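As C-alpha cells, the structure follows; a few thoughts come after it.
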Amino acid sequence: MRHHLTRPAALLAGLTVVTAGFAAAGSGAARAAAHAGSPIVRARSGPAQDVFLIDGHRVRVSATAQGTAQVTGATDADGCLTISNVGGPAQGAGPLQALTVGAASYAFPRALLPWLGHGLDLSLFDVRALAAAESARGRLPVLLHYRGHRPDLPGVTVTGARGGVATGYLTATGAATFGAALYKEAPYGEAKFPAVRPGAAGRGGLFAGGASLTLATTAPRSPAGAPSATAAGQPLQEVTVDATNRRGKPDNGDVVWLFNADNSSRFDNIGNSQATFFRGQARFIVPAGHYWALGDFVVPNPDGLTFREYLDVLPQFTAIRKAATVHLSAQAATSEIHAVTARPGTGQYTMFQLDRMAAAGPAISVSWLENYGGGPHAPTPSLYVSPTRAAPSTGKLATVTEQQISSATSPGASQYLYNLAYRSAGIIPTQSHVISQASLTALHLRYYTAKPSTGLVATYPVFAAAGGCPVPLGAEATERFPAQQTVYVPDHPGMSWETQDVLNQGEEYSGGQQSQPQQFAPGTSVTGNFGAYPLHPAPDYRVGDAPDLLPTQASASRAGNTLRLALTAFSDSVPGHTSQGTYAPVRSGGNYEIQQNGRRVAYGSLGWFGGPFSAVATLKPEPSVITFTLNTRNSIAVSPLSNVTHTVWTWRSAHESGATLPAGWSCLEGGAADRACAVQPMMTLRYGVVGEDLAGTVAPGQQVVRVTAGHLPYAPWSAVTRVTLAASFDGGRTWHAARMSGRGTGWSAVFGAPAGAKVMLRTSAADAAGGSVTETIANAYRIAT
C-alpha cells in the first residue's frame, strides 16, 4: 500500500507497511542528499531502495518523515519506514504478509512462513537489515549452517566453509532460483505442505540434516516456541494452540502468531512468537500473563494459482496455569471482506491490517494483502476474518480494511475506481459493506504528459493510527499516460486522501506529481490536474488542515542570520503538489547561487538532481538585497517539455529575531516543530495555459496564459506592481512580448503562436517592496501541427 513521494510508497501489488526509525528519514535527508549526488525522492521522503527476499520477491524500502506512514509501535526522530510490494515469483509465493513490532519490520511471502525457524531464519525477512546488507553490492549475504556434508542449495553461491558454517550470497536471480526450488519441494497449501515437528531445526529436502540459512550479519534466532530473553526469572507457562482447518480436521502447515498483551516486550523475539501447526497443534513456552493469538489459514483454489485466506483472531486469553490450551479454527473466519458498489467492477486487491496495542510496550501491526491484478477474468481476492464482539480488557485493538474495485478490462484502461477504506476500534466488525454512491466523493483526475508512457497511479487513504505514524494504504495501478480517471472515495472522520502518479515505470519510476493529504465532503465532485505544463520551481504550500498533514516548511525563512530555502523544481502550478522525482538511470541536474548585496554566500552544483531542493546560507545582519538563482534541467526521458528552467528571485532582508510561524508551519525540514523564524518576501509564479490538452498541446493561433503572481504564504504583504510575459518559438533567439491584462495577483498574457512550435516562456513580476522574480522555461508547452 502504501507514498508519497518520490518513488512510490506502494507499487504494483502495493502492500505498504511502515515502521519507525529508518536512517536518513525525512525531507531534510532527501534534500541534503541532493548536494551529495544521491537519488532524491519527494520532499517528504528519503531515498528508496529495492531489496529482494530469499525467494526473489522484491520490496521497496524508503524512509519518510514521521507522520507520513503506516502504524508503528514506536516513533523517533528517524521517521517512518515504508515497505512496498514491487513483485515476486509468478507462482507459489502467495499473498505478501507484513509485521511491524516497534522499530522492527518484516515482510513475508505468505508461503514461506512455515519455513520460519525451520530452515529460514527470521533475519532473512528483516527489511531494514536487508536494505543495509544489499546496499553495497546488490547481493544478499547469507550463512549456511549445517551438520556433516555441506548441502548444495540452488541459487546460493558459496564463498567459504569451515566448522559447519558456510559463507555465501544470493543474487536476485539466484534468489528466484532458490525460491522456485522451495515452492517445488513443498507446493503451497495446508493439505500438501509437509508436516513440521515442533522444535525441528530443519526439514527434509533442501534443509535435510538440520541445515538452515541466516542473514550473514546476524546470529541465528532461537527455535520457535522458546522463551525470550526477557522471560528470565519469570514463571513460565506452556500454551498449546489447537487448530482445525476448513474441514474441521486437525491442521498441518498453517501458522499461528502469539504475543503478550500486558507488555509486548515481555515475549519480544518474533522468532519465538510464530509457529507452524503440526497435527493440529502448536506449543509455546511463555511468561505468565495475558496473550492474544491469530491463526492464518490458507486454502488453494482449484486453479492452483490463487488462494482463499482465513484469519481467526483470539483478541485475548490468560496463561496463568502450568498449561493452557486455546483453540483457533479456519471455520471461525466467517466474514469475507466484500463490498457492493453502485457501478460494476472487478476486485483489484483486498487489504486487512490488525493493530494490537499491549498495555505496555510497542504496538504490533500485522497486514495481509490479496492482489490478483484485475482484468475481466481475474478472480476477486478472497480474504475472510473472524468478527469479535467485545474489546480486549488489556491493551487496545484496531483494524483497517481497504479494497479497490475497478472498471478495468485490461491494465491501464480503468475508467473509474472505487478506493474503499474502513477502520474500527475495539472489535473486529463484519466485513461486508453496501456502498451508497451518495456517501462517496468523485475525484475526476487528469494526468498530463507530453511523452506517452506506462506508469502507476494511486489515490490512497491516510489517517492517524495508534502507533504515531498515519496510515497510507493502497495499491498503485498500472496506467497508460496521458490519462483521465474517476476515483470514488469515502469520507470518514480523521481520514484524508493523497493522489500520486508515476509517469515512467520503465525509467525507474520517474516523473509525476503527488498531492498533500486532503479531506473531501461526501456527495461532491472534485477535479484534479496533475502535471499540467509548464512545470517549474514551486514553493511548498499547505492546503487545508488534514489531521495527518505534517508541519509544512516555509520555502524561504530567516532565523537570526540563517537563511533556509526549500522548494520543488519540477512541479505543476497546483498548490500542495510536489514533483514525484527522478531516479537513476534518469539523470537531471542544475545549480544554484545565493548572493547578499551582490556577494556570493552559497552556491552548489546539482549533479544528480531528483527535484526537491534545499539550501542554507549564513547572512550578514545588516539590511540587504538577497538574490537567489536556481537553474534546473530535467531529463527528456521524463518529458520533452519544461525540461530547462532559469529562475532569479530578489527580495530585501535583515537580521530577524522574535518571529514565530503560524501553527502547522516549520522553519526546518522533515516536519520538525521549530517555528522560530520569519518567512521571507520571496515572490511566486503560477501558470494556467488555456486550452491545453493532456499531452501539453494547444491549438495554433491566439494563446492565453493565466499568470498568478504573489508571495510565499505568511510573507510580509506587498502589492504586486508589474507582471510581464514574453514568448519565443525559436529557442530563445527572438522574443515576442505578450499583451498583458489584469491587476493585483491575477494576470492574463495574450500572444500568437505558429503551428508546430515549442513555446518558451519568460515571465517577470515585481512588488512594491523592491522584490522580483524572473523565470524562463524552455519548451514550456507545444503548439499543435
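Rg/Rh for the stretch 518-641 to two decimals, with Rh computed the Kirkwood way over all alpha-carbon pairs. Before the final figure, lay out the partial values.
On the way: Rg = 17.1 Å, Rh = 16.5 Å.
Radius of gyration over Kirkwood radius for the stretch 518-641 works out to 1.03.
Based on the Cβ-Cβ distance from V644 to T173, what FRET efficiency comes out when R0 is 41 Å, to the nearest 0.05? Could the numbers behind the result be given before it?
Numbers: r = 39 Å, r/R0 = 0.96.
With R0 = 41 Å, the Cβ-Cβ based efficiency is 0.55.
Counting Lys and Arg as +1 and Asp and Glu as -1, what is the net charge of the other residues whose Cβ lies under 14 Å from the Cβ of T486? Don't jump to the answer; show the numbers that get you there.
Numbers: positive: R343, R446; negative: E479.
Computed value for this residue: +1.
Remark on G604: its backbone amide H falls under 5 Å from those of Y592, a criterion applied only to residues 5 or more positions apart or on other chains, H modelled at 1.01 Å from N. For T660 and T486, a Förster radius of 56 Å and the Cβ-Cβ distance give a FRET efficiency of 0.85, rounded to the nearest 0.05. Taking every Cα-Cα distance in the stretch 536-783 and sorting them into 5 Å bins starting at zero, the pair-distance distribution P(r) comes out as 1, 6, 13, 17, 19, 17, 13, 8, 4, 1, 0, 0 percent.
Listed peptides 610-618, 624-632 appear in the order 610-618, 624-632 once ranked by packing, highest mean of other Cβ atoms within 10 Å at the front.
Each value in this text was obtained by applying a stated rule to the coordinates, not by laboratory testing. Note that the coordinates shown come from a computational prediction; the quantities given were computed from them, not determined experimentally. Because the Cβ atoms are built from the backbone with ideal geometry, glycine has one as well, and the counts that use them run over all protein chains shown.
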